[in-house]
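The values are calculated or read from the model by the stated rules, or taken from the named source; none is laboratory data. From a predicted model like this one, the values you see are computed outputs, not experimental measurements. Using ideal geometry, Cβ is built from the backbone for each residue, glycine included, and neighbour counts are taken over all protein chains shown. These accessible areas exclude ligands, DNA and RNA; they are computed on the full protein's heavy atoms, side chains included. Shrake-Rupley method; radii C 1.70, N 1.55, O 1.52, S 1.80 Å.
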Amino acid sequence: MAKEARLDVRWRGMEVELVARAVLARKWKKVQEESKASDPYLNTLVEVYDARLLAEYGVAYLSKPGWFVSPEWLADLDLERFGSWAATNLAGHEPQTHAYLHRNYESPFGPPPGAWIPEQEAATDETCRKSAEEFFEGVSRWKSESAELPAPVVAARSQKEFATLLERLSKNPAVRARGLIWAHPSVATLHFRAGFCAVSLGEYERALEPLQTAIELSPFTSHYYGELAQALIHLERKPEALKRLAEGIEISDDPCELAYLLRTRGFIQVENGELALARVSYRQSLELAPGNANALRELALIEDMLSRSGLPSNTSDVAPLPLPRLPVGLNKCH
């Protein structure tokens, strides 16, 4: 269990939840010993407690925006061991909560950071002309708010993503020293919209900081990498753009997004004179998004340039780079 901490109540949501579950597990274990009582959920909770995996269980099944994983909790987490144990012992498991704590009919822990960000229309060239400055005002407000937070922040979209980020960042010195906070997912969306609008309006340098922040907040959102690459391309920073595209391609789980990232990579490769590599990128994109007009047009231009160079078509082939495995049923863009 975590060491005792003196935290503002706002950041004690994880501690209160898991300490309460530990008390419940111990109480139920005693009831079981005395009366042979049985309850499927409580029996499972005892198993989790006895396996010394209650904190990991909390992250996987109970966490939500606003949770603060303190350095003390983080130091004891073993999410890899929990993953193996849960695969055998928690198949189909659903958590249960039958008692809630209310203070003045509201959560005593308050809203998660960034919950003030309103729902916005999807970023388009038209919404950017109307709302770009509002997005940047929100970015500025978040910068001030985040500076007052006790730990680094992520804006995960799910418990699974939050657990993965915890595991990935557990060796980061700042996170190990200060812990990690789960902010509202809208924080990352806000920064993406600001960056997208800056690109749309031709303000490429201005786009870099919000897009980089969006990636730091939600590093498994592949289209953030593509938009940052677009800004870098316009700034003639192609090596950095290729690096960002490679990162986005590696983590993408959407065939449409992946096809777009590959087309963007192909564009840079053509600009660099790497026609054989570009052809592979465009061909891979067409496997995901058959019939895409941009890819077909670019491929025709590449074939024409290769033909005029005097090189036989097949001699310039290169081995394609591996692509991520997409979820079953999502191997094509529709």
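Could you give me the radius of gyration and the Dmax of segment 9-62, taking only the C-alpha atoms into account and expressing both in angstrom?
11.9, 39
I need the phi-derived Karplus couplings for segment 280-294: 6.51 cos²θ - 1.76 cosθ + 1.60, θ = phi - 60°, integer Hz, Gly and Pro marked x.
4, 4, 5, 5, 5, 5, 6, 5, 8, 10, x, x, 4, 5, 4
Contact order normalised by length for segment 266-310, with contacts defined as Cα pairs under 8 Å and 6 or more residues apart; what percent is it? It would help to have the intermediate numbers written out before the result.
Details: 28 pairs, mean separation 14.8, N = 45.
Reported relative contact order: 33 percent.
So, counting K/R as plus one and D/E as minus one, what does the shell of residues with Cβ under 11 Å around V46 add up to?
Values: positive: R21, R26, K27, K29, K30; negative: E33, D39, E47, D50.
Counting the neighbours of V46, the net charge comes to +1.
Using the alpha-carbon atoms, what tilt in degrees (0 to 90, nearest 10) does helix 204-217 show relative to the longest principal axis of the chain?
30 degrees
Measure out, as a whole number of angstrom, how far apart the alpha-carbon centroids of segment 113-152 and segment 161-239 sit.
Spelled out, the Cα-based centre of one part sits 13 Å from the other.
Let's see if you can work this out: charge +1 on each Lys and Arg Cβ, -1 on each Asp and Glu Cβ, no other charges. What is the dipole magnitude of segment 1-97 about its Cα centre, in debye to the nearest 20?
Values: 13 positive and 15 negative charges, 52 e Å.
In debye, rounded to 20, segment 1-97 gives about 260.
Please go through segment 204-285 and write out the GluC sites (Glu not before Pro) that DSSP classes as loop and that have at most 13 other C-beta atoms within 10 Å.
Values: sites: E205, E216, E227, E236, E240, E247, E250, E257, E271, E274; in loops: E236, E274.
Counting only loop positions with at most 13 other Cβ atoms within 10 Å, the GluC sites (Glu not before Pro) in segment 204-285 are E236.
Using a Förster distance of 56 Å, how high is the FRET efficiency between K27 and E236, based on the Cβ-Cβ distance and rounded to 0.05? Kindly include the intermediate steps, with their values, before the conclusion.
Numbers: r = 65 Å, r/R0 = 1.16.
Given R0 = 56 Å and the Cβ-Cβ separation, E is 0.30.
Taking 10 °C and 1.306 mPa s as the conditions, I'd like the Stokes-Einstein D for the chain in µm²/s, using the Kirkwood hydrodynamic radius from alpha carbon pairs.
Details: Rh = 22.8 Å.
D, rounded to a whole number, is 70 µm²/s.
Using the Karplus equation 6.51 cos²θ - 1.76 cosθ + 1.60 (θ = phi - 60°), what ³J(HN,Hα) coupling, rounded to whole Hz, does each residue of segment 29-41 give in order, writing x for Gly and Pro?
4, 5, 4, 4, 5, 8, 10, 6, 5, 9, 8, x, 5
Give me the number: length gained by fully extending K160 to A115, i.e. 0.36 nm times residue separation minus the C-alpha to C-alpha distance, one decimal in nm.
14.2 nm
Kindly report the accessible area of the chain per residue (heavy atoms of protein chains, probe 1.4 Å, no ligands, DNA or RNA), in Å².
Details: 18040 Å² over 334 residues.
I get 54 Å² per residue for this part.
Out of the GluC sites (Glu not before Pro) in segment 30-132, which ones are loop residues according to DSSP with at most 16 other C-beta atoms within 10 Å? Before the final figure, lay out each step's value.
Numbers: sites: E33, E34, E47, E56, E72, E80, E106, E119, E121, E126; in loops: E119, E121.
Those satisfying the criteria are E119, E121.
Cα to Cα, under 18 Å, and not fewer than 8 places away if on the same chain: which lysines meet these conditions relative to K36?
Cross-link targets: K27.
Filter K130/K160; K30/K64; K64/K143; K160/K332 down to the pairs with a C-alpha to C-alpha distance above 26 Å, please. Write out the running numbers ahead of the final one.
Values: K130/K160 35 Å; K30/K64 30 Å; K64/K143 22 Å; K160/K332 24 Å.
Correct reply: K130/K160; K30/K64.
Tell me the carbon and sulfur percent of the accessible area for segment 192-270, rounded to whole percent, probe radius 1.4 Å. Working shown, then result.
Working: 1470 of 2870 Å².
Carbon and sulfur: 51 percent of the exposed surface of segment 192-270.
Report, in deg cm²/dmol and to the nearest 500, the calculated mean residue ellipticity at 222 nm for the chain, where each DSSP H run with n ≥ 4 adds -39500 (n - 2.57) and the sum is divided by the residue count. The partial results should precede the final answer.
Values: 15 runs with 202 residues, N = 334.
Helix-only estimate at 222 nm: -19500 deg cm²/dmol.
How much length is gained on full extension from K130 to A51, taking 0.36 nm per residue of separation minus their Cα-Cα distance? Could you put the intermediate results ahead of the total?
Working: separation 79, 0.36 × 79 = 28.44 nm, distance 5.47 nm.
Taking 0.36 nm per residue and subtracting the Cα distance, the gain is 23.0 nm.
Leaving ligands and nucleic acids out of the surface, order H98, H234, H191, H184 by accessible area at 1.4 Å, largest first. Walk me through the numbers on the way to the answer.
Values: H98 160, H234 95, H191 5, H184 55 Å².
These residues rank, largest area first, as H98, H234, H184, H191.
Please report, as a whole percent, how much of the solvent-accessible surface of segment 9-62 comes from carbon and sulfur atoms (probe radius 1.4 Å). Write down the numbers at each step before the final one.
On the way: 1440 of 2740 Å².
Within segment 9-62, the accessible surface is 52 percent carbon and sulfur.
Quick one: order I251, I268 from most to least accessible surface, probe 1.4 Å. Display every interim value, and only then the final one.
On the way: I251 40, I268 0 Å².
Descending order: I251, I268.
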